[in-house]
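Asker: This is the structure, below, for whatever I ask next.
Coordinate-derived values only; no laboratory data. As the structure is a prediction and not an experimental result, all values here were calculated from the model. A quick note on method: Cβ atoms are made from the backbone with ideal geometry, for glycine too, and the neighbour counts reach across all protein chains shown.
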Amino acid sequence: MAVERTLVLAKPDAVRKNVVGKIIARFEDEGFKLVALKKLKLTKEQAGQFYIVHKERPFYDELCEFMSSGPIVAMVWEGENAIARVRAIMGATDPAKAEEGTLRKLYGSNVGENAVHGSDSVESANYEIPFFFSGLELIG
Ligand code: RTP
Ligand code: MG
């Protein structure tokens, strides 16, 4: 296993529900190290660039609308096997199918508004982390 960094977003629904602190606390409790953190609001075009891998999917326009509908909180977490472990803590994409105790079960509303994003591979993390943070902002 390797020490990895992964990009996590508290999505606009999580910010509106005031559960960003609970999401951060969960990753701290699970032993990850916080490497970077910021609040920002994406334009629809920026959301489209972030989720460019999904551009042919039927939910792409709805996803970009939602991700630009309010502020988000972007963060980078570091730890052993962080990419897969963070995905497990988040739970299934659809909160109705997510296991008890996962962040999406706890805080998600539906398959679109599902509270959190986490990088799904090293390749994705290598695109997503520099999308939000410069090297100077990443403090390991
Ligand atoms: P994410 O990228 O946000 O961490 O989510 P994920 O890997 O679990 O799911 P993915 O397939 O990458 O989808 C990205 C986001 O698109 C929205 N979505 N909507 N309406 C739909 O059927 C649908 N499917 C996906 C969700 O917000 C999902 O997190
Ligand atoms: Mg994904």
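Asker: Mind listing just one residue for me: the one in the range 25-39 that is in contact (Cβ under 8 Å) with a residue 60 or more places away in the chain and not in a helix (DSSP H, G or I) and, of those, farthest from ligand 2 (Cβ to nearest atom)? Please lay out each step first, then the result.
Answerer: We begin by selecting, within the range 25-39, every residue in contact (Cβ under 8 Å) with a residue 60 or more places away in the chain; these are 26-27, 33, 35-36, 38.
Still in the list and also not in a helix (DSSP H, G or I): 33, 35-36, 38.
Values: LYS33: 23, VAL35: 20, ALA36: 20, LYS38: 20 Å.
Once the filter is applied, the top-ranked residue is LYS33.
Asker: Only residues in the range 1-14 that are of a type in the set (A, V, I, L, M) count as the first member; pair them with residues that are within 10 Å of ligand 1 (Cβ to nearest atom) and not in a strand (DSSP E or B), Cβ under 6 angstrom, at least 6 apart or cross-chain, and list the lot.
Answerer: Listed pairs, sorted by first residue: LEU7/SER119; LEU7/GLU128; ALA14/ALA115.
Asker: Additional query: Among the residues of the range 103-110, is any under 20 Å from GLY31 (Cα atoms) and among the hydroxyl-bearing types (Ser, Thr, Tyr)?
Answerer: no
Asker: Could you please give the count of residues in the range 75-110 that are in a loop (DSSP other than H, G, I, E, B), of a type outside the set (Asp, Glu) and free of Cβ contacts under 8 Å to residues at least 24 places away in the same chain? It would help to see each step written out before you state the result.
Answerer: We begin by selecting, within the range 75-110, every residue in a loop (DSSP other than H, G, I, E, B); these are 81, 91-94, 98-102, 108-110.
Filter again for of a type outside the set (Asp, Glu), leaving 81, 91-93, 98, 101-102, 108-110.
Going one step further and asking which of them are free of Cβ contacts under 8 Å to residues at least 24 places away in the same chain, we end up with 91-93, 98, 101-102, 110.
Number satisfying all stated conditions: 7.
Asker: Any residue in the range 94-101 that is within 14 Å of ligand 1 (Cβ to nearest atom) and either of a type in the set (Phe, Trp, Tyr) or touching a Ser or Thr at 6+ places or on another chain (Cβ under 6 Å) (or both)? Talk me through it step by step, then tell me what you get.
Answerer: As a first pass, look at the range 94-101 and keep what is within 14 Å of ligand 1 (Cβ to nearest atom): 94-99.
Filter once more, keeping what is either of a type in the set (Phe, Trp, Tyr) or touching a Ser or Thr at 6+ places or on another chain (Cβ under 6 Å) (or both): none.
Within the range 94-101, none of the residues are within 14 Å of ligand 1 (Cβ to nearest atom) and either of a type in the set (Phe, Trp, Tyr) or touching a Ser or Thr at 6+ places or on another chain (Cβ under 6 Å) (or both).
Asker: Any idea how many residues of the range 113-131 are outside any helix (DSSP H, G or I) and surrounded by 17 or more Cβ atoms within 10 Å (Cβ to Cβ)?
Answerer: Filtering the range 113-131 down to residues outside any helix (DSSP H, G or I) leaves 113-121.
Next, from what is left, pick out any that are surrounded by 17 or more Cβ atoms within 10 Å (Cβ to Cβ): 113-119.
Matching residues across the range 113-131 total 7.
Asker: While we're here: What number of residues within the range 50-66 satisfy the criterion of being touching a residue at least 12 places away in the same chain (Cβ under 8 Å) and either touching a Pro at 6+ places or on another chain (Cβ under 7 Å) or not in a helix (DSSP H, G or I) (or both)?
Answerer: Matching residues across the range 50-66 total 3.
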